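One structure is given below, encoded as structure tokens.
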Amino acid sequence: MTTRNDNQQFAGFWIRFLALAIDGAITTIPFAIIGMTVFGASDFRDIDSLLISYAILITLYMIIFPVTSFQATPGKAILGLKLIDREGGRISIAQSIGRFFSQFLSQAFFFIGYLMVGFNRQKTGLHDILAGTYVVKKQRYN
């Protein structure tokens, strides 16, 4: 499968792993601080509502950012990566939703769907294949 721009360089496993770690820090640290401030460091009576709020935040974060002009979550954008569709263009909201929920399949069975990124030419995980997306390095123009 080739993209519209044959010069695209696919992003490999480790840089994508680092982007996910950055996204995790961006979402978890502020949310943990808010949770401790609101509920106290040792009194988490409403932990269920906190977890539900966090799940909603993560879902919106992972679905909305890729369809903006960034074409990436902040973690990917910081590392110079972006998401594209099979033709090399921006992904649709439907693809972003499908990609997000397909990640649960990528996590099943010891994260094999994520590990696939390291073993194919286009560096696609199961969730990328199912959504018809690629993670590529942004091209630098002089």
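Values computed for the structure shown
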{"item": "Filtered residues of the range 112-142 (kept if among the small types (Gly, Ala, Ser) and part of a loop (DSSP other than H, G, I, E, B))", "result": "Gly125, Gly132"}
{"item": "Conditions (1) within 26 Å of Asn7 (Cα to Cα); (2) part of a helix (DSSP H, G or I): number failed by Phe109", "result": "(1)"}
{"item": "Hits in the range 83-96 - residues which are assigned to a helix (DSSP H, G or I) and surrounded by 15 or more Cβ atoms within 10 Å (Cβ to Cβ)", "result": "Gln95, Ser96"}
{"item": "Long-range neighbours under 6 Å by Cβ, at least six apart or interchain, first residue more than 15 Å from Ala72 (Cα to Cα) within the range 94-106, second surrounded by fewer than 21 Cβ atoms within 10 Å (Cβ to Cβ) and aromatic (Phe, Trp, Tyr)", "result": "Ser106/Tyr114"}
{"item": "Filter result for Arg99 (surrounded by 14 or more Cβ atoms within 10 Å (Cβ to Cβ) and more than 10 Å from the chain's Cα centre (by Cα))", "result": "no"}
{"item": "Single match in Gly80, Gly75 (criterion: closer than 13 Å to Arg16 by Cβ, surrounded by 15 or more Cβ atoms within 10 Å (Cβ to Cβ) and touching a Leu at 6+ places or on another chain (Cβ under 7 Å))", "result": "Gly75"}
{"item": "Tally of residues being crowded, with 18+ Cβ neighbours inside 10 Å and either of a type in the set (Val, Ile, Thr) or out of contact with any Gly (no Cβ under 8 Å at 6 or more places or on another chain) (or both) across the range 103-128", "result": "3"}
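Each reported figure results from applying straightforward, stated rules to the coordinates on display, with no laboratory input. The shown structure was predicted, so the numbers you read here are calculated from the model rather than taken from an experiment. Using ideal geometry, Cβ is built from the backbone for each residue, glycine included, and neighbour counts are taken over all protein chains shown.
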